[in-house]
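These notes are about the structure you will find just below.
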Amino acid sequence: MSDTGAAKRPPTIDDVLRLRAAEPLPSSDGGPVEGMSRDGAAPPRIVEIARLAGVSPITVSRALRQPEKVAEAKRRKILEIVERTGYATNPHARALRSGQSNIVAAFVSNLQSQQFCLAVQGCGEVLEPQGYQLMIGQTSYSYAKETTMIQSLREMRPAAVMFTGVIEIEENRRALRALGIPIMETWAYPRDPIDMLVGFSNIDGGRLAAEHFAKRGYRRVGFIGRRSGRGALRLTGFREGARAAGLDIVAELSVDGVSSMVDGRRALGDLLSRNAAVEAVFCANDLLATGALLEARRLGMCLPDDIAILGFGHNDVAEELPPGLTTIGIDSRDLGRQAGSMILQRMRGEMPSELTCAVELTLTRRGSS
């Protein structure tokens, strides 16, 4: 059973957070971001390594790729500078120096997300028959990883870039614009995309969740989701929808990262320990919702009588896992195809009729609510 709900209205603008990174973002271990120099600056180019070593760029290249062809003293000096500056070689840059790249870089937030993978597949279905290849990277919802990957694009020089998300850090937005290539953002609906956008309103998704709970007669509701990014936007919409429908949000649980269903299991347990009176829980993605459903069953709870669970994503597992997970989502493969078509037009020197496209949100009700 599907319900488009709030999606029938013009999409609400997602007020995406904009961040400044005046200081280098740390990696998870507290050290400098991989791919950045030790002082946090952008990775040095090979010509800079050559200047510091007092040799030619070709000598640096040989020292790194054919060390047997470089005298030992020179090689040691070059490697010492490479280690000191944090220079990282890039095999793609060698192949793309002509500027005629056939590589489209696609950065996904989480490779375990079926929906992100479907979007990239859809994009590839459009681009690959035209001779382009997708190169996939994972940002893991990490600003540091995202920054490193964006910095690497200067040397990689892809034909275009696609993100399963929108870029929040202003310095990264400027760096992407400076590449002078098509940039595609997705999975949100901000007022100011970098270049092109195929997305949807996360705020509307949260409202749709609250409206569904109200229609099903639930009054004491809860939320589980990431504390930033799309999770925060969906919570904003959920709060607005709950307020309009007279629902009482009795529990909110924010998580820093989502990597597997285990996060959902743990989160539901924590939420119930804080407020056992919650009747229905909106999980801001299907990984969390699937884990929450499994945890509810482990606790001996009957869905939806003891607790209702609603996810976000339209993952295939949602339909197969008893009693079936109610979920909000989009046609991710179609989103990818639309994104691919717009990217292809731009790479051909054409201009799409619209640079921003909204896809429809739908709610599919199953046994969990």
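The values are calculated or read from the model by the stated rules, or taken from the named source; none is laboratory data. Keep in mind that what you see is a predicted model, and the values were worked out from it rather than measured. Positions of Cβ are backbone-derived with ideal geometry, glycine not excepted, and every protein chain shown enters the neighbour counts. These area figures cover heavy atoms from the full protein model, side chains too; ligands, DNA and RNA do not enter into them. Shrake-Rupley method; radii C 1.70, N 1.55, O 1.52, S 1.80 Å.
Return yes or no: is Arg274 basic (Lys, Arg) and modelled with pLDDT of 95 or more?
no
What are the residues in region 240-291 that are open to solvent by 50 Å² or more (accessible area, probe 1.4 Å) and closer than 16 Å to Lys215 by Cα, if any?
Glu240, Arg243, Ala244, Gly246, Asp248
Residues Ala144, Ala175: which one is in contact (Cβ under 8 Å) with a residue 24 or more places away in the chain, in contact with a Leu (Cβ under 7 Å, 6 or more places away or on another chain) and either surrounded by 19 or more Cβ atoms within 10 Å (Cβ to Cβ) or not in a loop (DSSP other than H, G, I, E, B) (or both)?
On inspection, the qualifying residue turns out to be Ala144.
Restricting the first residue to region 308-325 and requiring it to be in the same structural domain as Ser260 (by the TED database) and farther than 16 Å from Arg216 by Cα, which pairs with a second residue that is of a type in the set (A, V, I, L, M, F, W, C) and assigned to a strand (DSSP E or B) meet a Cβ separation below 9 Å and a spacing of at least six or different chains?
Going by the 9 Å Cβ cut-off, the qualifying pairs are Phe312/Phe282; Phe312/Cys283; Phe312/Ile328; Gly313/Ile328; His314/Ile328.
Okay, residues lined up against (1) within 30 Å of Arg154 (Cβ to Cβ); (2) within 21 Å of the chain's Cα centre (by Cα); (3) acidic (Asp, Glu):
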{"position": "Leu176", "(1), (2), (3)": "yes, yes, no"}
{"position": "Gly180", "(1), (2), (3)": "yes, no, no"}
{"position": "Met196", "(1), (2), (3)": "yes, yes, no"}
{"position": "Asn202", "(1), (2), (3)": "no, yes, no"}
{"position": "Gly205", "(1), (2), (3)": "no, yes, no"}
{"position": "His212", "(1), (2), (3)": "no, no, no"}
{"position": "Gly217", "(1), (2), (3)": "no, no, no"}
{"position": "Val221", "(1), (2), (3)": "no, no, no"}
{"position": "Ile224", "(1), (2), (3)": "no, yes, no"}
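Return the residues of region 314-343 that are in contact with a strand residue (DSSP E or B) (Cβ under 7 Å, 6 or more places away or on another chain) and either open to solvent by less than 10 Å² (accessible area, probe 1.4 Å) or of a type in the set (D, E, K, R) (or both); say none if nothing qualifies.
Scanning region 314-343 gives Ala318, Leu325, Thr326, Thr327, Ile328, Gly329, Leu335, Ala339, Ile343.
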